[in-house]
Each structure stands twice: as structure tokens, then as C-alpha cells.
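Contents: one structure, followed by commentary.
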Amino acid sequence: MFIKLLMFNGILIALLLQKTSAEPFSYKEQQLLADTHLKLYIKRFQLIEDTQAREFEQLLYQLSDFAEADRIHNEKMKHKYELNLLKATFELALTNHTNAEKFNFLYNFPKIIPPYFSNFLMDELDMQYVNQKIRIDLKYLDLMKPDLQHLNLAEEIFYINYKLKEILLMQNLQAKLKGYKNITDGLTPQFQYILDKQPLHEALLKSHLNFLKEYVNSFEDSEIEEFKPEYNVLLRQLEIAENSTDNENKFKFLEMFNDTTTKFGRFLNVKFEEYKFKYYMD
């Protein structure tokens, strides 16, 4: 809902930047991009398995009929073999494939798994993606709270916060997607204006800045060592943006962050996917 300009599809970047980037897309960058996506899929597959096991354990406490418990267990775990096999295939690709083979595998793997398993897997992944987006929206709402309260929109904050948490708990994917799509129904024109305004409304612009500040400051020195000069420039622009009353300085920081024509910009983009999973998925 709130994050419209921060997301890039890493796989598309890998294919497009070879033709459009100012700085060549190096072998090392390709490896980082491919490996990051493979590792994230492996983590997502493990999360599916862990979630199913946890849900079954919770059901056991509610059931006295062992036959029914066994039936539910078989239903919950019926794709465990395929899931573990797919995870092992991804782990093999991670260690044994060339970059080109990795990208080809990432692009084509949905086509080579059985349809009955594919439907289950895509639904589970969609559930993860929408839950991640909702958690990020809740974070944005928290970051926007002081500005929204100043604009006398406290009731809107309560309403959106309640609805997002309600949708997050939904177990039915279609109901969750419908609820998330319609989340802005019933908002006042004033709040809708804040969400839709172009260029960004100051409240939303500040929340973008603060969200990215947490990400930019999350790096260990060893992670950013290769790009230390560029990283210091980004931190300096962040400081300027924070202390400036001119929104142009805030937009300049967002433009620097989103600039995938540079190796540093693409590095930030790839690591951003890891960051979102780490802090907004588990």
C-alpha cells in the first residue's frame, strides 16, 4: 500500500541491465544476484515446512480423535517430499551451477514441477509475499503516525492498523488478497490524498526516508567494504535529507538509493531483498 517506488524485480534487472546500465554488469554481481534469489527461495521453502509443522502441533492440542489428527497430518505434510526435493535442487544449483544456469533455473523451475505441487507452492509463496507486504505496511504506518496524528488522522491510523492486522491473520489466500486489495475502502478523502499524491506527500516521503534509513544503517562493515566511498556518500545525503526542510533533498536520497545504473545501487537493491525477508517475514 505504502511502498510504490522501492521495489525492483531482481531477475528482470539481471536481464535488462546488461543493455542499459552505465556500469557493466559484472560476473560477481550476477553471482550475488542469482545466489541471493536461490538462498531466499530455500529459506521460503523451509518456512513453508516449518509453518505447516507448527500448525499441525497447534491442531493436536485441539483434537481428541487420533484418526482425525492422522488425517490432518497427512494433509498438511502431503507435499513434504516434493518440498524437500525442490529445496535440495535449489541447494545443488547454488553450489554447482554457472551463473547462466542459475538464472535459467530460477526462470524455469515453476514449469518443471508437477502441477498439483506447483499450485500448492505458488499459493504458499503468494501467502508469504502478501504477509511480508502487510508487515512492511504496518511499519510504514508506525513511521507515519506522528505526522498523521498532527493532521488529525488518528482514527485513520487505528482503522488501517486494525484492518492490516486482521488481514495478516487470515489463512485463506483469496480472502487475504481481496482484503488487502480493498484495504483503502472507507478511508477519508484526506487520507486517500496522502496515499495518492504525486510527488509524494511529505508524511509518506518521510516514512520512505526513515524506512530506508533503518536498512542503510543495518550493514556490517564487512558487507559494505567494497563500496565504502559510495556508502559514505549515501550516508551523507541521508544526513542532508534528514536535516533539510527542502523535500528535494529527500527525493535526491531516494533517487540515489534507486539508481541501478551503478554497481553500488544494484548491490543495495539485491541486499534489500535479504533485509525485507529477515526483518519482515519471520
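The values are calculated or read from the model by the stated rules, or taken from the named source; none is laboratory data. Remember, predicted model here, so these are calculated numbers, not experimental data. Ideal geometry is used to build each Cβ from the backbone, glycine not excepted, and the neighbour counts take in all protein chains shown.
Suppose we filter Lys163, Lys213, Lys197 for residues that are basic (Lys, Arg) and more than 30 Å from Phe253 (Cβ to Cβ); which single one remains? Please lay out each step first, then the result.
On the way: Lys213 fails: more than 30 Å from Phe253 (Cβ to Cβ); Lys197 fails: more than 30 Å from Phe253 (Cβ to Cβ).
Lys163 is the lone residue from the list that is basic (Lys, Arg) and more than 30 Å from Phe253 (Cβ to Cβ).
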Exercise. Hey, any hits in region 156-173 for a residue that's of a type in the set (Lys, Arg) and touching a Phe, Trp or Tyr at 6+ places or on another chain (Cβ under 8 Å)?
Worked result: no
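Looking only at region 186-232, which residues are among the charged types (D, E, K, R), under 25 Å from His150 (Cβ atoms) and not in a helix (DSSP H, G or I)?
Step one: filter region 186-232 for residues among the charged types (D, E, K, R), giving 196-197, 202, 206, 213-214, 220-221, 223, 225-226, 228, 230.
This time we only want the ones that are under 25 Å from His150 (Cβ atoms), so: 196-197, 202, 206, 213-214.
Once the filter is applied, which keeps residues that are among the charged types (D, E, K, R), under 25 Å from His150 (Cβ atoms) and not in a helix (DSSP H, G or I), region 186-232 yields only Lys197.
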Problem set entry | Filtered residue count, region 222-250, keeping only those that are over 30 Å from Gln30 (Cβ atoms) and not β-branched (Val, Ile, Thr) | 10
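Looking at region 162-185, which of its residues are outside any helix (DSSP H, G or I) and without any contact (Cβ under 8 Å) to a residue 12 or more places away in the chain?
Initially, region 162-185 is screened for residues outside any helix (DSSP H, G or I), giving 169-172, 182-185.
Hits for region 162-185 are Leu169, Met170, Gln171, Asn172, Asn182, Asp185.
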Exercise. Restricting to helices (runs of 4 or more DSSP H) lying wholly in region 1-100: which have 1 or more residues that are at pLDDT below 70?
Worked result: 10-20, 27-60, 66-76
Exercise. Among Lys145, Lys163, Lys181, which is the only one that is more than 26 Å from Glu214 (Cα to Cα) and among the basic types (Lys, Arg)?
Worked result: Lys181
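Taking the options Tyr180, Tyr231, name whichever one is over 30 Å from Ile48 (Cβ atoms), buried (at least 18 other Cβ atoms within 10 Å of the Cβ) and either among the hydroxyl-bearing types (Ser, Thr, Tyr) or modelled with pLDDT of 95 or more (or both). Spell out the reasoning first.
Numbers: Tyr180 fails: over 30 Å from Ile48 (Cβ atoms).
Of Tyr180, Tyr231, the one residue that is over 30 Å from Ile48 (Cβ atoms), buried (at least 18 other Cβ atoms within 10 Å of the Cβ) and either among the hydroxyl-bearing types (Ser, Thr, Tyr) or modelled with pLDDT of 95 or more (or both) is Tyr231.
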Seminar exercise, completed: Within region 122-153, the residues that are in a helix (DSSP H, G or I), surrounded by fewer than 18 Cβ atoms within 10 Å (Cβ to Cβ) and among the polar types (S, T, N, Q) are Gln128, Gln132, Gln149
For this session: Pick out the one residue from Tyr159, Tyr107 that is over 24 Å from Tyr41 (Cα atoms), of a type in the set (Phe, Trp, Tyr), touching a residue at least 24 places away in the same chain (Cβ under 8 Å) and surrounded by fewer than 18 Cβ atoms within 10 Å (Cβ to Cβ).
Result: Tyr159
For this session: Considering every residue within region 204-214, establish whether at least one is loosely packed, with under 15 Cβ neighbours inside 10 Å, within 22 Å of the chain's Cα centre (by Cα), at pLDDT 95 or above and farther than 20 Å from Thr245 by Cα.
Result: yes
For this session: Inspect all residues belonging to region 184-203 and state whether any of them is buried (at least 18 other Cβ atoms within 10 Å of the Cβ) and within 20 Å of the chain's Cα centre (by Cα).
Result: no
For this session: Kindly indicate whether any position in region 234-255 is under 20 Å from the mean Cα position of the chain (by Cα) and either in a helix (DSSP H, G or I) or not aromatic (Phe, Trp, Tyr) (or both).
Result: yes
